[in-house]
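The values are calculated or read from the model by the stated rules, or taken from the named source; none is laboratory data. Since we're looking at a predicted model, the values are computed, not measured. Note that we place each Cβ from the backbone using ideal geometry, even for glycine, and neighbour counts take in every protein chain shown.
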Amino acid sequence: MSWNDSTFKDKKVITIGTVSELTGLSERQIRYYEERKLIFPLRSQSGIRKYSFNDIEELIEIANHIEDGVWTNEIKKEMRRRDALRPSL
């Protein structure tokens, strides 16, 4: 078995409390970004949100844009443009 960094970073295993501690964002802010369709956590059978390390990086990027005065709808447009340019694997 070979170690694949991108697979590791994609695993959604981190709870919202830990994400909050790692990013400095409140749980409410994180839920708001989910409501605005900027971040997409998985839900466990009991409804607990689960995030990946890639999600954490995305949240930090979103928070930086918000801090710079960028509106969430503009962030979403930028994310769509970026994703459209990303090659499919």
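What the table below lists for this structure:
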{"quantity": "Checking Phe53 against (1) over 26 Å from Arg80 (Cβ atoms); (2) out of contact with any strand residue (DSSP E or B) (no Cβ under 7 Å at 6 or more places or on another chain); (3) not hydroxyl-bearing (Ser, Thr, Tyr), the condition it does not meet", "calculated": "(1)"}
{"quantity": "Unique match (being closer than 17 Å to Asp83 by Cα, polar (S, T, N, Q) and surrounded by 14 or more Cβ atoms within 10 Å (Cβ to Cβ)) among Thr15, Thr72", "calculated": "Thr72"}
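Yes or no, residue by residue, for (1) surrounded by fewer than 16 Cβ atoms within 10 Å (Cβ to Cβ); (2) at pLDDT below 95; (3) assigned to a helix (DSSP H, G or I):
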site: Met1; (1), (2), (3): yes, yes, no
site: Thr7; (1), (2), (3): yes, yes, yes
site: Ser20; (1), (2), (3): no, no, yes
site: Leu25; (1), (2), (3): no, no, no
site: Leu38; (1), (2), (3): no, no, no
site: Gly47; (1), (2), (3): yes, yes, no
site: Lys50; (1), (2), (3): no, no, no
site: Ile56; (1), (2), (3): no, no, yes
site: Ile60; (1), (2), (3): yes, no, yes
